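J.: The structure's right below; bear with me while I get my questions together.
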Amino acid sequence: MEYVIWIPFLPLIAATITLIFGKWYIRKQAHWLPCIAVFGSFLLSFKALLDVIGGARANFDLYSWVIADTFHAAVGFQIDPLSVLMLAMVSFLSFLIHVYSIGYMEDDPGYYRFFAYISLFTFSMLMLVSANNFLQLFFGWEAVGLCSYLLIGFWYQKKSAADAAKKAFIVNRFGDFGFALGVFLVFLTFGSIYYEDVFARVHEIAHTTVNVLGVEVLLATLIAVLLFCGAMGKSAQFPLHVWLPDAMEGPTPVSALIHAATMVTAGVFMVCRCHEIFELSHVAMAIVAAAGMITCFMAATIAPTQFDIKRVIAYSTLSQLGYMFMACGVGAFAAGMFHLFTHAFFKALLFLGAGSVMHAMHHAPDPTDMRYMGGLRKYMPITFATFLIASLSISGIPGLAGFFSKDEILWLSFVSEYPWGKLVWFVGTVVAGLTAFYSFRVVFMTFFGEFRGKEVLHGHEPHESPSVMTIPLMILAVGAVVTGWLGVPHVLGGHNHFAKFLEPVLGHPHINLPYWLYGKKEWIELFLMAISVGVGVLGIAVAYVVYVKKPELQRLIPERYPALYRYLYNKWYWDEIYDATIVKPTFFTARSIVQGVVDSILIEGVVNGLPDLIRRGGESLRRLQNGVVQTYALIMATGAAVVLLLVYFF
Amino acid sequence: MEISLSLKYIPILITALIVFVIGLAMVIINQVLGPKRPYSEKYLAYECGLPPTGETRHRFDIKFYAIAILFAVFDVEAVFLYPWAITFDQIGFFAYIEMVVFIALLLVAYFYAWIRGGFQWD
Amino acid sequence: MWSSLPSFVAVYPEILLVVVASIMALADRWVKLKDVFAWITIATSVIALIMVFAVEGAVFGNSYAADTYGLFFKMIFLLALIMVTLVSPGYNRMVGIHFGEYYALLMFAVTGMMLMASSKDLILLFLGLELMSLSVYVLAALLYSDLRSLEGAMKYFLLGAFSSAFLLLAITFLYGLTGTTYIDVIAKKVFYPGLADNTALLLSAALFVVAFGFKVALVPFHMWSPDAYEGAPTSVTAFMAVGPKAAGFAAMGRVFIEALYNARVDWVEYLIPLALVTMFVGAILAVVQTNIKRLLAYSSITHAGYAVLGIIAASREGMAATMLYLFLYLFMTIGAFSVVTLFRQKDFLGEEITDYQGLSKTHPWVALVMLIFLFSLVGIPPTAGFIGKFFVFKAAYEAGHHLLVIGAVLASAIAAYPYLRIVMLMYMKEPEKDLAVNVTPYVFAGLIISVVGVLILGVYPEPVINFARTCCAGLIP
């Protein structure tokens, strides 16, 4: 299966060529090479997927980077169900979004740059998922972070975009620091950075404890928590979630590809990849579940208060990522991956739909503000239809992708062996309702009612996007429906192929039911399904009443509970809290250090303290006549004398 | 063994000391005993008995240095020819070739100086 | 008659360089298009590089050996020559020193270095060192209308002569003790118990440390280097920062590792304090520099401190690490200096660090290339600089010098600051003036070679590491 090396390298080649020659030679044709390369990656990934389904596996090193005794670092590929699934998904979505961008980025002066960056991103992401060792995982991890930084700040002339890029970069550094420590600890513990070696020997540390600041901690807990720090940064989980909503400053295809479908799910992928380590530690699993629940709930409460269409979807992404971590936190890794997979399709579709709407509204001063939209279904039917499918899918309406994956998570958490399973189920069900509500709030505010943006558009009519944008929407809409059918549960007459496919890597969760309920397993599952569907339908219904039937109800919450509304509208004040507790003190300390230490000690002390030797001053000839060369010789001679004295000391 | 080896050099040390002491003594005794009657001619620079004309710290044309350096280079290189010539019949053909190479390299330097106008006064 | 002549095949590369250099020095007057000299230099270096790989054997009564150890260093010297030649046409035309003698002097200097790397006799080593040094003194003074150039070259020359005296004294002591100047024979005569702990031998080793310390600019014998680097034409500075330094290390390998291997417990003790002081002083003084050439001078001092760690390890692995370090250092240093040459205009030096302010906005490509070199100089993976540091640190650590390695890591943390300051200026500040860059096809090619070298060797260093290991295998019995 050596051909898999071309899956990441095709986009890399395309990115390099586009980056070097784009500005002068390729310019408006810059999309060809990346699109073809990514399509090639997709075909190869699909072939790899078929091969893996046929039973093939591969684990090989392309070449060794550094070999030094026990430390062996290489660029290598591990092709198993988990990685091949990610490869196929990433390359497929990346291809669609490349195509969509041809239309979306049409008149941008940085056209070639954009395509070079997203191809580079595709390369990094494919390297990340196909790695066979932790170091390459870390490399991909940093590389996707770098691309994300470049693309958030793509319109770097805009101050908000530059700030958002910086914020994403800095917040991710916190997570990555922990992640790097985790990788280092893995190497120290197992003496290898290969997944194969590490996971084969992971049971050896099942009872090993280490002393951290006086507290005995399971070594597995320590490693898992450190690794999870990275996941919290990359997948924007509480408390490192603050960068993702701001990242919407980037171009919309970027939001769809990087900040919804692929990069932000890298954390989930990593947790699943390392599930052997996480499973050793209940504490780590609890932390994963807790982070997931808090993020899931928090984001779902913030989303209904926002008016920026992309921000609502961004909070929705946070919330759905929370679902995935909740699944991981109850040991249902395959369910988490399933949700990751279906979510990638419907969330990319939501973003691209939003991008299509923005394309229509681009004459408005703020093309993302939903208060100036409304009634758009008349102007852009394809966008409306696809957006609606995605919203139904995310709301968990039966038959669509989101329904199957979400119910898999809820069911497996309800019957989980972990004590917090029921809590996870409860939070998940509540959030399912909230999700349906805010998703349809967007649908109704944008596509229903009267068009409210006549004045801001200055006479321009909103219009449907070109077919280069709508065709990807339609393909994704198909994906947002059918991807769910890969994992139809047994209770609905399916075979749950998805979980079976991943079972060799991820295992399967233990179902923990009281024995007297065991026979009624199917009924419970159906009952839970009914609850979540009911909650979802209820959410849609409430949204319909509030935003279509009786718009005056919209003012109910802000007027009755102004404090609560302000709290939610200001995103639980996390930005302000971080600003007060971390950003400001850091700036203050840094400034004090710079002024106090660097200026007064380094500059004053060193420069003025060792005058002629290091200060560049005066004209050169004067120094020569000053006899400095004699000083030089004197210093040399002194040094020689000292070295010669060493002869007698040693 | 070690001690006796060092002892062997003791006479040299003593000789060096005696020489040093005598030299120093002569200078000091001169300073102490000699009469001091300075007059202006004694402070003048010595120019073979003639009254000095102009400053002693006098700037020379750089060309003198250039010629002097060229002279020194070729003169010193020529010295290498003597030991070669003396042992010519013993070291044979190999040394002959070596000397040809050596002179060829000298010629390169010579031509270089010539081309760059090193031999022209103006 | 001709058959009685010994074979000179082993020195054919050097002979080629000397002949071509002589012809170029003479031909300068009649050649109007001076770029021709650059072409000839590159062609000659490439041919010499091929020849270096082809020839082997010993000549001149075994005082010169074309062995694999010399081969590795000759590869460094000739690559440095090629890359410096690529930098030169554009820059030298701008400052008015674009002529045949320049290239001839470069080639003479490289010949001297090659003699040093392959010498099996201390006298030949001294001869090579002087040939190299005299050529470089003249090169440093080429901008003779610029007082800085003259001053730097003058200091370099005076102090260089001073250090040559130390070298001769060291050779004299060794000759007095062993009765020979042949490195092989000395290596056989120095052993425990006996000559290896003789005080006079240790004095000789200490004097070698001083003399080579000067050539590779170890503190406190580095005093000449910031002035000489700043004053010399930048193309020459690039050459000085790589060539003579690598040659100094080649000679160190010959003397310390090959000849005095059995006395290693002692000379290692002299080198350790020097290495520590070098790394820290270089790193700290780089912080306060405002001129980029001076900054890179201190940077090259610091890097000499790292490279010497491999010698201190006194093992095959250590020597291989030092050789690898010098090979990687070649690309990043000449690359960084090449970028510095781009900003030189007739009436504008472009050497102040503040000139780089906002470079990413005005010349994003130049800024990116500089960023790669700076990251490599700091030692951030996956650039070549990281690989180099990793292996020297590892070699020193395995040799048991744990505290030294901790010191080296600390020093490299300090040393990162001045480079990152430039990065900060380039990427975080708004440009104040619009700099013109002077990119010729030559320097463009040179920059591509350096960037590719820095990145490829950072990602795939294995062949070079293995080659270095093979090359220094014959050094230690």
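The values are calculated or read from the model by the stated rules, or taken from the named source; none is laboratory data. Note that the structure is predicted; figures quoted are calculated from it, not measured. Virtual Cβ from ideal backbone geometry, glycine too; neighbours counted across all protein chains shown.
J.: Among the residues in region C:28-47, are any within 14 Å of chain B (Cβ to nearest Cβ), part of a helix (DSSP H, G or I) and without any contact (Cβ under 8 Å) to a residue 40 or more places away in the chain?
T.: For region C:28-47, residues within 14 Å of chain B (Cβ to nearest Cβ), part of a helix (DSSP H, G or I) and without any contact (Cβ under 8 Å) to a residue 40 or more places away in the chain: present.
J.: Within region A:225-240, can one find any residue that is crowded, with 24+ Cβ neighbours inside 10 Å, modelled with pLDDT under 85, touching a Leu at 6+ places or on another chain (Cβ under 6 Å) and not in a helix (DSSP H, G or I)?
T.: No, because not a single residue in region A:225-240 is crowded, with 24+ Cβ neighbours inside 10 Å, modelled with pLDDT under 85, touching a Leu at 6+ places or on another chain (Cβ under 6 Å) and not in a helix (DSSP H, G or I).
J.: Among the numbered criteria (1) of a type outside the set (S, T, N, Q); (2) crowded, with 16+ Cβ neighbours inside 10 Å; (3) within 14 Å of chain B (Cβ to nearest Cβ); (4) in contact with a Pro (Cβ under 9 Å, 6 or more places away or on another chain), which single criterion is violated by C:E14?
T.: (4)
Let's see how each residue does on (1) within 14 Å of another protein chain (Cβ to nearest Cβ); (2) more than 28 Å from C:P89 (Cβ to Cβ); (3) in a helix (DSSP H, G or I):
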{"position": "C:F212", "(1), (2), (3)": "yes, yes, yes"}
{"position": "C:P226", "(1), (2), (3)": "yes, no, yes"}
{"position": "C:S235", "(1), (2), (3)": "no, no, yes"}
{"position": "C:F239", "(1), (2), (3)": "no, no, yes"}
{"position": "C:R254", "(1), (2), (3)": "no, yes, yes"}
{"position": "C:E258", "(1), (2), (3)": "no, yes, yes"}
{"position": "C:D266", "(1), (2), (3)": "yes, yes, yes"}
{"position": "C:A275", "(1), (2), (3)": "yes, yes, yes"}
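J.: Go through (1) out of contact with any strand residue (DSSP E or B) (no Cβ under 6 Å at 6 or more places or on another chain); (2) of a type outside the set (A, V, I, L, M); (3) over 30 Å from C:V437 (Cα atoms) one by one and return the number of the condition C:D121 breaks.
T.: (1)
J.: Determine if region B:39-61 includes at least one residue that is surrounded by 10 or more Cβ atoms within 10 Å (Cβ to Cβ) and either within 14 Å of chain C (Cβ to nearest Cβ) or part of a helix (DSSP H, G or I) (or both).
T.: For region B:39-61, residues surrounded by 10 or more Cβ atoms within 10 Å (Cβ to Cβ) and either within 14 Å of chain C (Cβ to nearest Cβ) or part of a helix (DSSP H, G or I) (or both): absent.
J.: Kindly indicate whether A:T470 is under 28 Å from the mean Cα position of the chain (by Cα), crowded, with 21+ Cβ neighbours inside 10 Å and within 30 Å of A:M326 (Cβ to Cβ).
T.: no
J.: So the check is Cβ under 8 Å with 6+ separation or different chains; which pairs have a first residue in region A:467-495 that's under 17 Å from A:G396 (Cα atoms) and assigned by TED's automatic domain parsing to the domain that holds A:A354 and a second one that's of a type in the set (A, V, I, L, M, F, W, C) and not in a helix (DSSP H, G or I)?
T.: So the pair list comes out as A:A480/A:L400; A:V481/A:L400; A:G484/A:L400.
J.: Could you list all residues from region A:76-94 that are buried (at least 22 other Cβ atoms within 10 Å of the Cβ), in contact (Cβ under 8 Å) with a residue 60 or more places away in the chain and over 18 Å from the mean Cα position of the chain (by Cα)?
T.: A:G76, A:F77, A:Q78, A:I79
J.: Which one is farthest from the other protein chains (Cβ to nearest Cβ), of the residues in region C:378-413 that are aliphatic (A, V, I, L, M) and closer than 17 Å to C:V452 by Cβ?
T.: C:A384
Listed here are the residues, each with its yes/no results for (1) farther than 25 Å from C:A66 by Cα; (2) within 18 Å of the chain's Cα centre (by Cα); (3) modelled with pLDDT of 95 or more.
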| site | (1), (2), (3) |
| --- | --- |
| C:F108 | no, yes, yes |
| C:M113 | no, yes, yes |
| C:K120 | no, no, no |
| C:S145 | yes, no, no |
| C:E151 | yes, no, no |
| C:G160 | yes, yes, no |
| C:L169 | yes, no, no |
| C:G179 | no, no, no |
| C:Y182 | no, no, no |
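J.: Now, a different point. Does region A:185-197 contain any residue that is surrounded by 15 or more Cβ atoms within 10 Å (Cβ to Cβ), more than 22 Å from A:W574 (Cα to Cα) and within 15 Å of the chain's Cα centre (by Cα)?
T.: Checked region A:185-197: no residue is surrounded by 15 or more Cβ atoms within 10 Å (Cβ to Cβ), more than 22 Å from A:W574 (Cα to Cα) and within 15 Å of the chain's Cα centre (by Cα).
J.: Filter region B:79-102 down to residues that are surrounded by 11 or more Cβ atoms within 10 Å (Cβ to Cβ), away from every other protein chain (no Cβ under 13 Å) and in a helix (DSSP H, G or I), then give me how many there are.
T.: Matching residues across region B:79-102 total 4.
J.: Moving to a separate point now. Check B:V73 against each of (1) loosely packed, with under 11 Cβ neighbours inside 10 Å; (2) modelled with pLDDT under 85; (3) not aromatic (F, W, Y) and name the one condition it does not meet.
T.: It is condition (1) that B:V73 fails.
J.: Please specify each residue of region C:1-11 satisfying the condition of being part of a helix (DSSP H, G or I) and within 14 Å of chain B (Cβ to nearest Cβ).
T.: Result: C:W2, C:S3, C:S4, C:V11.
J.: Please indicate, with yes or no, whether at least one residue in region C:128-146 is surrounded by fewer than 21 Cβ atoms within 10 Å (Cβ to Cβ), out of contact with any His (no Cβ under 7 Å at 6 or more places or on another chain), of a type in the set (D, E) and part of a helix (DSSP H, G or I).
T.: Looking through region C:128-146, at least one residue is surrounded by fewer than 21 Cβ atoms within 10 Å (Cβ to Cβ), out of contact with any His (no Cβ under 7 Å at 6 or more places or on another chain), of a type in the set (D, E) and part of a helix (DSSP H, G or I).
J.: Return only the number of the condition from (1) away from every other protein chain (no Cβ under 12 Å); (2) outside any helix (DSSP H, G or I) that C:F221 does not satisfy.
T.: (1)
J.: Among the residues of region B:103-122, count how many are more than 27 Å from the chain's Cα centre (by Cα) and away from every other protein chain (no Cβ under 14 Å).
T.: Here the count works out to 1.
J.: Right, A:F307: in contact with an Asp or Glu (Cβ under 6 Å, 6 or more places away or on another chain) and surrounded by fewer than 24 Cβ atoms within 10 Å (Cβ to Cβ) or not?
T.: Spelling it out, A:F307 is indeed in contact with an Asp or Glu (Cβ under 6 Å, 6 or more places away or on another chain) and surrounded by fewer than 24 Cβ atoms within 10 Å (Cβ to Cβ).
J.: List pairs: first residue in region A:395-406 and outside the structural domain of A:L434 (by TED's automatic domain parsing) and surrounded by fewer than 24 Cβ atoms within 10 Å (Cβ to Cβ), second residue of a type in the set (S, T, N, Q) and not in a loop (DSSP other than H, G, I, E, B) anywhere in the structure, Cβ distance under 6 angstrom, at least six positions apart or on different chains.
T.: Taking only residues 6 or more apart or on different chains, not a single pair turns up.
J.: Taking the condition of being without any contact (Cβ under 8 Å) to a residue 40 or more places away in the chain and part of a helix (DSSP H, G or I), how many residues in region B:103-122 meet it?
T.: Qualifying residue count for the region: 12.
J.: Can you pull out every residue in region C:394-440 that is of a type outside the set (D, E) and part of a loop (DSSP other than H, G, I, E, B)?
T.: C:A399, C:G400, C:H401, C:K429, C:P431, C:K433, C:L435, C:A436, C:V437, C:N438, C:V439, C:T440, listed by residue number.
J.: Is region A:61-71 home to any residue that is away from chain C (no Cβ under 14 Å), in contact (Cβ under 8 Å) with a residue 24 or more places away in the chain and touching a helix residue (DSSP H, G or I) at 6+ places or on another chain (Cβ under 9 Å)?
T.: Looking for residues that are away from chain C (no Cβ under 14 Å), in contact (Cβ under 8 Å) with a residue 24 or more places away in the chain and touching a helix residue (DSSP H, G or I) at 6+ places or on another chain (Cβ under 9 Å), one finds none in region A:61-71, hence no.
J.: Within region C:187-210, which residues are β-branched (V, I, T) and assigned to a helix (DSSP H, G or I)?
T.: The answer is C:T199, C:V209, C:V210.
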